[in-house]
Amino acid sequence: MALDELGADPYQRAAIGCARKGAFVTILSVCAMVGAFVKGGDQALYLAGGSLACAVFSFGVARWQLSKESLGWSDMC
C-alpha cells in the first residue's frame, strides 16, 4: 500500500482525519456546555447534558478510530 510523505497509509490518514473532526466536535460541545451554564435558563441543564453526551461520544469515536489503526493522539499533529 502506498505511503504518504508522513509514512501513513490511506487507512491511517482516514483515521487521523476522523479523529481530528472528533476532537473539533468535542471542543465545540464543551464550549456549548459552558455556554449553557453561563446563560442559564429553564433548559440549560438539558442543553448542558446533551452537549456533555455529544462530547463524550465524539471523543470516544475519535479514540476508537485511532486505536483501530494503532495510532496515538500525537499522530494527529
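Each reported figure results from applying straightforward, stated rules to the coordinates on display, with no laboratory input. Bear in mind the structure is a predicted one, so any value in this text is a computation, not a measurement. Ideal geometry is used to build each Cβ from the backbone, glycine not excepted, and the neighbour counts take in all protein chains shown.
Below are the figures for this structure:
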read-out	value
Using θ = phi - 60° and Karplus 6.51 cos²θ - 1.76 cosθ + 1.60, couplings along the stretch 60-72 (whole Hz; Gly, Pro as x)	x, 5, 4, 5, 5, 4, 5, 5, 4, 9, 6, 10, x
The chain - mean residue ellipticity at 222 nm from DSSP helices (-39,500 (n - 2.57) per run, n ≥ 4, rounded to 500)	-25500 deg cm²/dmol
J(HN,Hα) series, the stretch 33-45, from Karplus relation 6.51 cos²θ - 1.76 cosθ + 1.60, nearest Hz, glycine and proline x	5, 5, x, 5, 6, 5, 6, x, x, 5, 9, 4, 5
Cβ-based charge dipole, the chain, positive-most Cα from Gly40, Ser67, Leu52	Gly40
Karplus (6.51, -1.76, 1.60) ³J(HN,Hα), θ = phi - 60°, over the stretch 17-32, in Hz, Gly and Pro reported as x	x, 5, 5, 5, 5, x, 5, 5, 5, 4, 4, 5, 5, 5, 4, 5
Backbone N under 14 Å from the Val61 label point (7 Å along Cα→Cβ), restricted to the stretch 20-41	20-29
